[in-house]
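This report refers to the structure that appears directly beneath it.
The values are calculated or read from the model by the stated rules, or taken from the named source; none is laboratory data. Please read these numbers as outputs of a predicted model, since none were measured by experiment. Methodologically, a virtual Cβ is constructed for each residue, glycine included, from the backbone with ideal geometry; neighbour enumeration extends over all protein chains shown. Ligands, DNA and RNA are stripped out before the accessible areas are found, and what is left, the full protein with its side chains, is counted by its heavy atoms. Shrake-Rupley method; radii C 1.70, N 1.55, O 1.52, S 1.80 Å.
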There are 2 protein chains.
Amino acid sequence: MRPTAAPPVPPVLRTADRMIPHRLARSAQRDPVGAARVREWIADRNTARAHTVSRVTFEELDRWGFDTRTGNLRHDTGRFFSVEGLRVETDTGPVRSWNQPIINQPEIGILGILVAEHDGVLHCLLQAKSEPGNVNGVQLSPTVQATRSNYTGVHAGKSVPFIEYFRSPGDGRVLSDVLQSEQAAWFYRKRNRNMIVEVDGPLPVGEDFRWVTLGQLHELCAVDNLVNMDTRTVLAGMPGGFEGAAGTSDRGLADALARSADTAIGGLHTTGELLSWITDRQTEPEVRTSLIPLDDVDDWRRAPDRVHRDDEAFFSVVAVDVASPGREVSAWTQPLLEPHGIGRVAMVVARFDGVLHALMHARVEPGYLEAVELAPTVQWTPRAYSSLGLEPPEFLDVVTAAEGTDRVLFDAELSEEGGRFLHARNRYQIVEVANPVDDRTTPDHQWMTIGQLTGLLQHNNYVNVQARSLVACLRGLA
Amino acid sequence: MRPTAAPPVPPVLRTADRMIPHRLARSAQRDPVGAARVREWIADRNTARAHTVSRVTFEELDRWGFDTRTGNLRHDTGRFFSVEGLRVETDTGPVRSWNQPIINQPEIGILGILVAEHDGVLHCLLQAKSEPGNVNGVQLSPTVQATRSNYTGVHAGKSVPFIEYFRSPGDGRVLSDVLQSEQAAWFYRKRNRNMIVEVDGPLPVGEDFRWVTLGQLHELCAVDNLVNMDTRTVLAGMPGGFEGAAGTSDRGLADALARSADTAIGGLHTTGELLSWITDRQTEPEVRTSLIPLDDVDDWRRAPDRVHRDDEAFFSVVAVDVASPGREVSAWTQPLLEPHGIGRVAMVVARFDGVLHALMHARVEPGYLEAVELAPTVQWTPRAYSSLGLEPPEFLDVVTAAEGTDRVLFDAELSEEGGRFLHARNRYQIVEVANPVDDRTTPDHQWMTIGQLTGLLQHNNYVNVQARSLVACLRGLA
């Protein structure tokens, strides 16, 4: 007995070798001219591709209807998704029990970005894609954005370009691959597989696709409603990419960010301490949820063209007719969830010993698989709070106090998934504080470095979709 | 703007500093004499503490009964746990859809081990605890083994000794803290919080508690049915502890293990590649489960004293009366799940370039939160397989071929949780192969190092309870 088998090292570059920092840093260089060209292309694609979307009554939906037994809104094939009821009971937060409609879409889809080197610079393959719920037609979307039904169907090869690179990527080509949750106030345990896969460029692409550098993408993230949610969440999982300014000698923001992303530099808390805090927050609140018939949801009523609360808080479920670009006839009809009012999502950051830290919130939302995920410092829907007569959330005052000053590092209105949500917009902000608001810590908030955050992003169920959007936006500050 | 707040470093030893390898190595030294004394103490405690357990009919249960509407077996307070039905549909494996009874216990309990230095050597505080389902009365249990109802009740402080160290451990004292699943063929999404917390010894303890070194504990793990499941799963999460033999110059097993645990030494696959494989396995099979009334479970019938399948496969749900030690009167009654036959659990290991690797199985079980968790190479219930006429599992032949040779590195019969299962025993084995059975790889099996496995053990939902038991047993080989 002395097994001596040689390790079968794959004959390709290993994942770990692909992520050498200077590769990402080179792609992340500022390129306003290139970014402007991408915007022109999006405007052009918008003319060619944007759907015409109009509100209709539920009766006008084709093959969608309310189940006679449960009242659930579903497609007659049982495919796509359904709108059902959710009962929530918890022992934490200002509201301890409620019912609400929720989207149930148990299939795991793929959100994937292909990357390749062009002239020695890493580029991401993005798509100009129109979704019925988008405020502005076409947005910059990942290479692939496919439900399981899309990509396992008989015509999958034809209907989803580039899907084969994600289903059979080959050894050593996967840079990021993780299941991530989506809006857990609106989706019940919905998750998508977030992937980044490298191919040997150049790869020919059609007119709706374009190779974009990280630097261009970072610039576009700061434009209102341009880079879609799916692109942002996949981009958040890119390993590294904050090192652009590493090695500079000043203590500027870029350096604080680069130091924060360097896992060899410690933060306020060890990763073990943070994992213990997260476990505590996942354990301490009791959160019990169960799907119930939509008909059994109290305080909500069904009108001919929407399901809504009497007090108009939160959102409505509505129905739309979607016409293909340049044609008047209906392409399809579907339900969408329409949030009421624009939300606020803000990450408070501060430097400790020259290392940037983000103040994360272990937030309970009913659609998570775990009790909590890490959300940005503040996640606020003003209209819902005022309808319920609730106090504004913790640390909102810190964010609003910074407005109009150079402490606002990022400020843009970004859209949530337009395939399920109608005009769902949030104002995303990153705000730096000088005073690390130490006297204001709560059991639900904790400071962590960007390296710790991106470490958690390699695993399922830690960082929520709003926080992932802001991690993507943080890259633009490097 | 240039925030310069000093980082508030906790004034105690930080977690990362506590885990210096020589601290664990010193505690892990062999101590057969000390281990024998622990066995004597267990035998003594067994005389004093073992319950008398007898099978009764469901009618004889006190305050437990079948719900008239659903047939679910539950306590009349709704507390503890209930036995309900589960419907499973999947597109993978030899059986694609079935119903079964399952234990639903949504509360998260605490399994905790206190550690402290005595005379410069780290010791674990263990408890001699009798559970009604144990084959042999008292087993070696963690410091704390408490359901949420136990520890949040008004008398929590009194009824659960040492619980305060786990609920308010203080900065820098938590060595391990993670939510881990339990038997997902029998439990629906049950998880416990697995914790290791350090205190400044010595701490006075009662006659049912004892401070035990890692070396003693490793020795006792190899004794049939002595170290209970809860101790094994907590012990698996101990960071480090495989380094005992590091630095020795030969290429023996201990060195292969120490090299395997060293995260600076690479394995066959990078951790990124393994995470991508796990994500793929979590995504690829469709597994849909829903709780249903126990009355709606097909192929199972309710007899006066058990719920069982017509063909006697899998398990029965039974009822027991538990009498306190030395007394004839009933202390309490409760249902238990009684598996049919002794199971087999085996981990195949092999050395690649002098680094020990374990062949892990991405296994679908209906009670996981995710579709799969990593199981040992083989997890087999012979009676269930023969009842259903199934082929033996992949790699079982590799395990049986090793029997009677020095390639069997570990072989003991260990018990599963005696608070819920009646005489649930598995034969646990670790088997080394010379030929790394490369031509036999399946999409569901992958080689990984011990360092990669213990890295995953820091996070929820990756490694199943059977594999965690074997990780604990692997430590004894160092």
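Some points to look at:
- Check on residue B:357, touching a strand residue (DSSP E or B) at 6+ places or on another chain (Cβ under 8 Å), more than 14 Å from chain A (Cβ to nearest Cβ) and either without any contact (Cβ under 8 Å) to a residue 12 or more places away in the chain or more than 26 Å from residue B:43 (Cβ to Cβ) (or both): no
- Residue that is open to solvent by less than 30 Å² (accessible area, probe 1.4 Å), closer than 23 Å to residue A:145 by Cα and in contact (Cβ under 8 Å) with a residue 24 or more places away in the chain, where the choices are A:374, A:422, A:453: A:422
- Candidates in segment B:384-400 are the residues that are out of contact with any Phe, Trp or Tyr (no Cβ under 7 Å at 6 or more places or on another chain) and over 19 Å from residue B:98 (Cβ atoms); of these, the one that is surrounded by the most Cβ atoms within 10 Å (Cβ to Cβ) is B:399.
- Condition met for residue B:78 (more than 28 Å from residue B:380 (Cα to Cα), in a strand (DSSP E or B) and within 14 Å of chain A (Cβ to nearest Cβ)): no
- Number of the exception - residue B:116 against (1) small (Gly, Ala, Ser); (2) closer than 23 Å to residue B:187 by Cβ; (3) touching a strand residue (DSSP E or B) at 6+ places or on another chain (Cβ under 9 Å): (2)
- For beta carbons closer than 9 Å, sequence separation of 6+ or different chains, a first residue in segment B:105-126 that is within 14 Å of chain A (Cβ to nearest Cβ) and a second that is open to solvent by 10 Å² or more (accessible area, probe 1.4 Å) and small (Gly, Ala, Ser), the qualifying pairs are B:105/B:82; B:107/B:149; B:108/A:371; B:109/B:149.
Here's the yes/no breakdown for (1) buried (at least 22 other Cβ atoms within 10 Å of the Cβ); (2) β-branched (Val, Ile, Thr); (3) farther than 20 Å from residue B:420 by Cβ:
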{"residue": "B:116", "(1), (2), (3)": "no, no, yes"}
{"residue": "B:123", "(1), (2), (3)": "no, no, yes"}
{"residue": "B:131", "(1), (2), (3)": "yes, no, no"}
{"residue": "B:136", "(1), (2), (3)": "no, no, no"}
{"residue": "B:144", "(1), (2), (3)": "yes, yes, no"}
{"residue": "B:159", "(1), (2), (3)": "no, no, no"}
{"residue": "B:165", "(1), (2), (3)": "no, no, yes"}
{"residue": "B:173", "(1), (2), (3)": "yes, no, yes"}
{"residue": "B:176", "(1), (2), (3)": "yes, no, yes"}
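- Cβ-Cβ under 8 Å pairs, at least 6 apart or on other chains, segment A:269-289 side more than 7 Å from chain B (Cβ to nearest Cβ), far side assigned to a helix (DSSP H, G or I) and of a type in the set (D, E, K, R): A:286/B:148
- Number of the condition not met by residue A:416 [criteria: (1) open to solvent by less than 40 Å² (accessible area, probe 1.4 Å); (2) over 30 Å from residue A:80 (Cβ atoms); (3) of a type outside the set (Gly, Ala, Ser)]: (2)
- Take the conditions (1) more than 14 Å from every other protein chain (Cβ to nearest Cβ); (2) buried (at least 19 other Cβ atoms within 10 Å of the Cβ); (3) modelled with pLDDT of 95 or more; residue A:381 misses just one of them, which is (3).
- Per-region count, segment B:304-340, residues at pLDDT below 95, surrounded by fewer than 17 Cβ atoms within 10 Å (Cβ to Cβ) and part of a loop (DSSP other than H, G, I, E, B): 9
- Taken over segment A:400-439, the residue count meeting the criterion of being among the charged types (D, E, K, R) and away from chain B (no Cβ under 13 Å) is 8.
- Checking A:301, A:288 one by one, the residue that is part of a strand (DSSP E or B) and under 27 Å from residue A:92 (Cβ atoms) is A:288 and no other.
- Of all residues in segment B:342-354, those that are more than 14 Å from chain A (Cβ to nearest Cβ) and either open to solvent by less than 10 Å² (accessible area, probe 1.4 Å) or touching a helix residue (DSSP H, G or I) at 6+ places or on another chain (Cβ under 6 Å) (or both) total 4.
- Condition met for residue A:440 (surrounded by fewer than 17 Cβ atoms within 10 Å (Cβ to Cβ), farther than 23 Å from residue A:35 by Cα, basic (Lys, Arg) and at pLDDT below 95): yes
- Number of residues in segment A:194-222 that are farther than 25 Å from residue A:30 by Cα and buried (at least 24 other Cβ atoms within 10 Å of the Cβ) equals 1.
- In segment B:150-199, the residue that is modelled with the lowest pLDDT out of those that are of a type in the set (Phe, Trp, Tyr) and not in a loop (DSSP other than H, G, I, E, B) is B:151.
- Of all residues in segment B:223-233 being in a loop (DSSP other than H, G, I, E, B) and not β-branched (Val, Ile, Thr), the one that is most open to solvent (accessible area, probe 1.4 Å): B:224
- Of the residues making up segment B:37-80, those that are touching a helix residue (DSSP H, G or I) at 6+ places or on another chain (Cβ under 9 Å) and under 30 Å from residue B:220 (Cα atoms) are B:37, B:38, B:39, B:42.
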